[in-house]
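> Quick one: the structure is below, and I'll ask about it shortly.
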Amino acid sequence: MSMDTHSQHTGLCQECSPPVYYGPAFKPSLPELPPIWAQSRQEVCESFDWFRSYQGGVYHARNAARGYLLGAFSAKYGLNRRDVFAHGGKLIISHGGGKAQSVHTHRGQSVTLEADDQLAQDKSVRALLANYRSRRPLVLLIDDKYALFPYDLQSRDITYAVLGFYTIVHAWAEYQSAENQRGRVIRYKFVFQWCESQGEPWWLEFNRTSDPHDAPKPHTGTDDDSDQPEWIDQRFSLLFARRRFEHIEKISNICVMCHEASPQVYKRAWTCLNSECPCFWLDVGGTPLGDELEYNPRFLELAPADSLAIPVDTLEPEWPLSRSEGRTTDYAYTRGWHCKKCGRLSCRLIIFSSLLMTLFRYKWEHWECMNCQEILPVEGRVREAREFLFLTPPVSYHQCFIARDSGIKLLKTIVFELRGFDGSSAQCFTYELPGSRGFIHHIRPSNPHWNWEADEIFREYQAQASTGALPFRRWPMRAVGRGALLTNYFSQNDLPSFRHTVTHRPQYVGGTENTLPFDKVPVAGNARNLIQKRIKQALGMDASFNEVLSAAYMERQKMAFHTDDEIGLGPLVAGLSLGSPALMHFRPLARQIPEGVQRSIAISFVLRHGDVLAMDGAGVQQFYEHTVVPSNFRIAATARFINPNHPK
């Protein structure tokens, strides 16, 4: 709709703005638990398909936004805030898209990056604009630092809560003050409106329902809505994209310079909101709008409910179900779950209480709600090694890759007998690292059918893990953000009994609090015996390991780059690979590379079921770090010697 600029400015409706919540200094405690909530970012990302962004505030996939997190950094300038929570939270205005001022660490030094302009082609902004043009719904979440929510989430130990489905009813660019050379940046703002088909927002029901469990649940799109319009896909939404929402059109004007329409967002004056136009953010007199602005009341009106999309997807996460004949090592079983009883999202965490500490652990044999202890058991079958026999990693080499500039060379290859009476044999490839840093030995059977010992150990690991006798757990990592951040694999440590008297234990992966003696976990002892046997057969060395770290990787899980460099660690570390093939990569440590030189992989191995890889020499850990990327379900047993008398 086109109108005269002056008449638009002076003819504004003088009625009061709709209630806008700016967040008081004191908030009342949240009366009841939200339908969907969590205590850590990882719980959200592993359990809630609508938001899987571990760092950013916008989660997008296939060029469309699926989830948007409202956090601590609401925009505020002068006397007025430019992020608002209006109509009880049915209308929310937020700035998003990144590029705020930030501090990064580079080689131990803190570096401040200035705030920069957001662009329409930036990934997050582009995805949000795509939702706006197609009217595709997305899900809004809040954290406990979001100032505009009327209740205190922290009072109930809630870090994240899911609000529900929203539609973006308008988006625009504007200037904001910033501490950079220009003193300002371009920021994109988005108006989110509650999808009315869900019923009333859950937080508004607290004052209307005596029993919170009787409050209506968010609509999940499963009811029969045949008499209402339905959001289907981009094809249907293009019909909507041809026109703006009616209340926005009524306060819009066409710029005489760029000929694009912009609504009057703020009371002070109309301005062109096309960031590429010479008139951008200038009033009719050519003066910048500034920061102290109040919203136009008509801009804050709600769009008619029948003009909004109706979500047909389910908001609440579904319980993981077996789709593969008991193969509970598939990707679906690595995800978290949503407790229908209390609403908590959990990464299958349990609490282990002792006199000394409380530990958070991800349990192999079932999911357990960390709030109400509701249990969802996992029942599956033992996987056989032959199921992974024909899996091939996505690389061109069959066994090993050596980078040309690595200085690593193949030193020797030997073949040895396994049993001596049936013709079974194995091979050992020894690689020499430059500068006398040590050796890497890759020991592998010549035929996969000669892996009878490894086959049995693979079965034993799964059988003992499924009953809880072998307590595979995911453990909190040392470097964490908000809430616990768990490892992306299961692990469990086994030691001789004497190690339990040692006061200083090495911290490896998830720590050694999850430590049991070998006589309690026979399969770990069997794995150690096979590793020591292979090293004796291939290298003639009498290895004596007193620790086995067992790690289990379900589909799509992996271990990040790391080193085995604990105090008291012996010079020989060897691992037995069981199950699916895996790629093991070695690269130099960052401190070994000159600044400005990019690190790259020095050597890579394809590890198959029954292979043993031995890192021989302290220099392997001092100069290199390694990672393991399995093709599918895999168990690894890493044997080491830890000096029980090493200094603290």
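> Can you name every residue in segment 403-416 that is surrounded by 11 or more Cβ atoms within 10 Å (Cβ to Cβ) and in contact (Cβ under 8 Å) with a residue 24 or more places away in the chain?
Passing the criteria: Ala403, Ser406, Gly407, Ile408, Leu411, Ile414, Phe416.
> Here's another thing I want to ask about it. Suppose we filter Met554, Met615 for residues that are of a type outside the set (Lys, Arg) and within 31 Å of the chain's Cα centre (by Cα); which single one remains?
After ruling out the rest, the residue left standing is Met554.
> Could you grab me the full set of residues in segment 534-552 that are in contact with a helix residue (DSSP H, G or I) (Cβ under 9 Å, 6 or more places away or on another chain), crowded, with 18+ Cβ neighbours inside 10 Å and not aliphatic (A, V, I, L, M)?
Across segment 534-552, the qualifying residues are Phe545, Asn546, Glu547, Ser550.
> Ala538 fails exactly one of the following numbered conditions: (1) among the aliphatic types (A, V, I, L, M); (2) at pLDDT 90 or above; (3) touching a Ser or Thr at 6+ places or on another chain (Cβ under 7 Å). What is the number of that condition?
The single condition Ala538 does not satisfy is (3).
> Report yes if some residue within segment 270-288 is surrounded by fewer than 17 Cβ atoms within 10 Å (Cβ to Cβ), touching a helix residue (DSSP H, G or I) at 6+ places or on another chain (Cβ under 6 Å), farther than 25 Å from Val162 by Cβ and not assigned by TED's automatic domain parsing to the domain that holds Trp194; otherwise report no.
The answer is yes; a qualifying residue exists.
> Within segment 123-174, track down each residue that is out of contact with any helix residue (DSSP H, G or I) (no Cβ under 9 Å at 6 or more places or on another chain), over 25 Å from Ile186 (Cα atoms) and surrounded by fewer than 20 Cβ atoms within 10 Å (Cβ to Cβ).
Selection gives Asp152, Gln154, Ser155, Arg156, Asp157.
> Among the residues of segment 438-472, write down those that are more than 36 Å from the chain's Cα centre (by Cα) and either among the aliphatic types (A, V, I, L, M) or in a loop (DSSP other than H, G, I, E, B) (or both).
Gly438, Ser446, Asn447, Asn451
> Could you please give the count of residues in segment 516-533 that are surrounded by 18 or more Cβ atoms within 10 Å (Cβ to Cβ) and at pLDDT below 85?
So the answer is 2.
> Considering only residues that are in a loop (DSSP other than H, G, I, E, B) and among the hydrophobic types (A, V, I, L, M, F, W, C), look in segment 557-589 and name the one that is surrounded by the fewest Cβ atoms within 10 Å (Cβ to Cβ).
Pass one, segment 557-589, residues in a loop (DSSP other than H, G, I, E, B): 557-558, 563-568, 570-571, 580-581, 589.
If we keep only those that are among the hydrophobic types (A, V, I, L, M, F, W, C) as well, we get 567, 589.
Values: Ile567: 12, Leu589: 15.
So, considering only residues that are in a loop (DSSP other than H, G, I, E, B) and among the hydrophobic types (A, V, I, L, M, F, W, C), the one surrounded by the fewest Cβ atoms within 10 Å (Cβ to Cβ) is Ile567.
> Continuing with the same structure: Among the residues of segment 557-576, write down those that are under 27 Å from the mean Cα position of the chain (by Cα) and modelled with pLDDT of 80 or more.
Phe561, His562, Thr563, Asp564
> If you take the residues in segment 309-350 that are closer than 19 Å to Ser40 by Cβ and outside any loop (DSSP other than H, G, I, E, B), which one is modelled with the lowest pLDDT?
Ile350
> Can you pull out the residues in segment 152-204 that are more than 27 Å from the chain's Cα centre (by Cα), free of Cβ contacts under 8 Å to residues at least 40 places away in the same chain and either within 30 Å of Asn371 (Cβ to Cβ) or not in a strand (DSSP E or B) (or both)?
Those that are more than 27 Å from the chain's Cα centre (by Cα), free of Cβ contacts under 8 Å to residues at least 40 places away in the same chain and either within 30 Å of Asn371 (Cβ to Cβ) or not in a strand (DSSP E or B) (or both): Arg182, Gly183, Gly199, Glu200.
> Give me a count of the residues in segment 28-60 that are under 20 Å from Trp203 (Cα atoms) and either outside the structural domain of Trp202 (by TED's automatic domain parsing) or among the hydroxyl-bearing types (Ser, Thr, Tyr) (or both).
Total meeting the criteria: 1.
> Among the residues of segment 182-197, is any within 26 Å of Val312 (Cα to Cα) and of a type in the set (S, T, N, Q)?
yes
> Another one. Is segment 590-604 home to any residue that is assigned to a strand (DSSP E or B) and crowded, with 24+ Cβ neighbours inside 10 Å?
Of all residues in segment 590-604, those assigned to a strand (DSSP E or B) come to 603-604.
Retained after the next criterion (residues that are crowded, with 24+ Cβ neighbours inside 10 Å): none.
Checked segment 590-604: no residue is assigned to a strand (DSSP E or B) and crowded, with 24+ Cβ neighbours inside 10 Å.
> Looking only at segment 406-419, filter to residues that are in a loop (DSSP other than H, G, I, E, B) and closer than 14 Å to Ala538 by Cα; which one of those is modelled with the lowest pLDDT?
Arg419
> Considering only residues that are within 18 Å of Arg335 (Cα to Cα) and hydrophobic (A, V, I, L, M, F, W, C), look in segment 29-60 and name the one that is nearest to the chain's Cα centre (by Cα).
Only one residue tops the list, namely Cys45.
A quick yes/no check of all residues on (1) under 28 Å from Glu301 (Cβ atoms); (2) at pLDDT below 95; (3) buried (at least 18 other Cβ atoms within 10 Å of the Cβ):
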| position | (1), (2), (3) |
| --- | --- |
| Cys16 | yes, yes, no |
| Ala25 | no, yes, no |
| Ile36 | no, no, yes |
| Arg41 | no, yes, yes |
| Tyr54 | no, yes, no |
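> Within segment 367-402, track down each residue that is in contact with a helix residue (DSSP H, G or I) (Cβ under 9 Å, 6 or more places away or on another chain), among the small types (Gly, Ala, Ser) and either closer than 25 Å to Cys339 by Cα or without any contact (Cβ under 8 Å) to a residue 12 or more places away in the chain (or both).
Of everything in segment 367-402, just one residue is in contact with a helix residue (DSSP H, G or I) (Cβ under 9 Å, 6 or more places away or on another chain), among the small types (Gly, Ala, Ser) and either closer than 25 Å to Cys339 by Cα or without any contact (Cβ under 8 Å) to a residue 12 or more places away in the chain (or both), namely Gly380.
This table checks each residue for (1) modelled with pLDDT under 90; (2) in contact with an Asp or Glu (Cβ under 9 Å, 6 or more places away or on another chain); (3) aromatic (Phe, Trp, Tyr).
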residue: Tyr553; (1), (2), (3): yes, no, yes
residue: Gly579; (1), (2), (3): no, yes, no
residue: Arg591; (1), (2), (3): yes, no, no
residue: Ile601; (1), (2), (3): no, no, no
residue: Gly610; (1), (2), (3): no, yes, no
residue: Gly619; (1), (2), (3): no, no, no
residue: Gln622; (1), (2), (3): no, yes, no
residue: Val628; (1), (2), (3): no, no, no
residue: Pro647; (1), (2), (3): yes, no, no
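The values are calculated or read from the model by the stated rules, or taken from the named source; none is laboratory data. Predicted, not measured: the structure shown is a model, and the values here were computed from it. Because the Cβ atoms are built from the backbone with ideal geometry, glycine has one as well, and the counts that use them run over all protein chains shown.
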